[in-house]
Amino acid sequence: MTITQLTRRDFLKITASGALGLVLSELGLSRALAAPPTSKGLALFSGVPIYDAPSAKANQIELLGKDKVIPLIGEAQGDYFDNPNNTTWYQVDGGYVHSGVILPVEENYQKPVYEIPTEGKLAEVTAPYSLTYLAPYFYAKNAHRIYYETTHWVKKIVVTREEKGVWYEIYDNVLKKSFYVPSYNLRMIPDEELTQLSPEVPNEEKLIHVDIKSQMMTAFEGQKIVLSVRCASGQRGSDTPVGEWNTYHKGPSIHMTNQGDEVAHIYNLAGVPWCSFFTGSGHALHGTYWHNDFGRPRSNGCVNLPSSISKWVYRWTNPVVPPNEDYLNLPEQGTKVIVE
């Protein structure tokens, strides 16, 4: 079987048989098509062990603290923890860590942009993480950290005479507060990166298919597969709802929180990037900066994707959010999403 022989009808038959992951792997479609490769920069860790071999049965030689940033040397194939779809390990100085619990990041300092539109400008973090401050001074009180590839709305630029510093003021519409970030940690996203992909393809020909069993998200243009990647759907108790939906409301930067109990089951995630919502209850295809463990259910009901992939989905689907808007809701105008 070749890619051109795999029609949408064939695809849905394969999905029903439960062999989707195997077939896509044989076709070379288990990784993203038309999407950028994983960045090979530094690695951001969150309290995980280093082993002396790419195996959880190997000797643990060190436990890294939260948000420790160390050089990423290479990749290796080994065993897995609880995700049989992920056998990739990253090689670091002194050993190996499983790829599911760390994030490849980069550190690209930016030049400041001095002209910000009245409605604000979307920006992304280009450092492993950045501190935010309650005032535009380094001696001001810290607020929270914002992480690599998260997106935020810059409302204005502030230049301080005392420190000769350049700061961006970002606004959080959940906390209803402004915070200040050193300008060198944020990249202003140009308008051309927010235009629609494949605008010549009618929206009724576009389809996002999420297969819960194989943890695969696949995009179609008519009969043609244009993207197929591992995803992470809702874990037990927070299942991603099955059925036919559409991406009728979208936002490039969303502060996601369940505002739940502080002891159990709480999440509070600022700057979740490239959110394409497909239900009215907050379920979305979106970028993920808190894990790299795609191929097994582990979300709170959404469909977790690598940030670069979610950006592709956000740009490819309808409706098209204008560059100067932080959210758009157009019922019945979204791109079809099938979850089964």
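When you check His286 against the structure, is it in a strand (DSSP E or B) and without any contact (Cβ under 8 Å) to a residue 40 or more places away in the chain, yes or no? So His286 fits the description; yes. Working only within region 137-189, note down all residues that are among the small types (Gly, Ala, Ser) and not in a loop (DSSP other than H, G, I, E, B). Scanning region 137-189 gives Ala143, Gly165, Ser178, Ser183. Any idea which residue in region 202-242 is surrounded by the most Cβ atoms within 10 Å (Cβ to Cβ), counting only those that are in a loop (DSSP other than H, G, I, E, B) and touching a helix residue (DSSP H, G or I) at 6+ places or on another chain (Cβ under 9 Å)? So, considering only residues that are in a loop (DSSP other than H, G, I, E, B) and touching a helix residue (DSSP H, G or I) at 6+ places or on another chain (Cβ under 9 Å), the one surrounded by the most Cβ atoms within 10 Å (Cβ to Cβ) is Cys231. Is there a residue in region 179-195 that is among the aromatic types (Phe, Trp, Tyr), buried (at least 17 other Cβ atoms within 10 Å of the Cβ), out of contact with any His (no Cβ under 7 Å at 6 or more places or on another chain) and not assigned by TED's automatic domain parsing to the domain that holds Val125? No, the conditions are met nowhere in region 179-195.
Looking across region 62-108, the residues that are touching a helix residue (DSSP H, G or I) at 6+ places or on another chain (Cβ under 8 Å) and at pLDDT 90 or above come down to Glu75, Asn85, Asn86, Thr88, Trp89, Tyr90. Of everything in region 310-327 that is surrounded by fewer than 24 Cβ atoms within 10 Å (Cβ to Cβ) and under 15 Å from the mean Cα position of the chain (by Cα), the residue that is nearest to Val154 (Cα to Cα) is Arg315. Contact map, region 230-243: first residue in contact (Cβ under 8 Å) with a residue 12 or more places away in the chain, second residue among the charged types (D, E, K, R) and assigned to a loop (DSSP other than H, G, I, E, B), Cβ cut-off under 6 Å, separation 6 or more or different chains; pairs are Ala232/Arg298; Gln235/Arg298; Val242/Glu340.
The values are calculated or read from the model by the stated rules, or taken from the named source; none is laboratory data. These figures come from a predicted structure and were not determined experimentally. Counting neighbours? That spans all protein chains shown, and the Cβs are built from the backbone with ideal geometry, glycine included.
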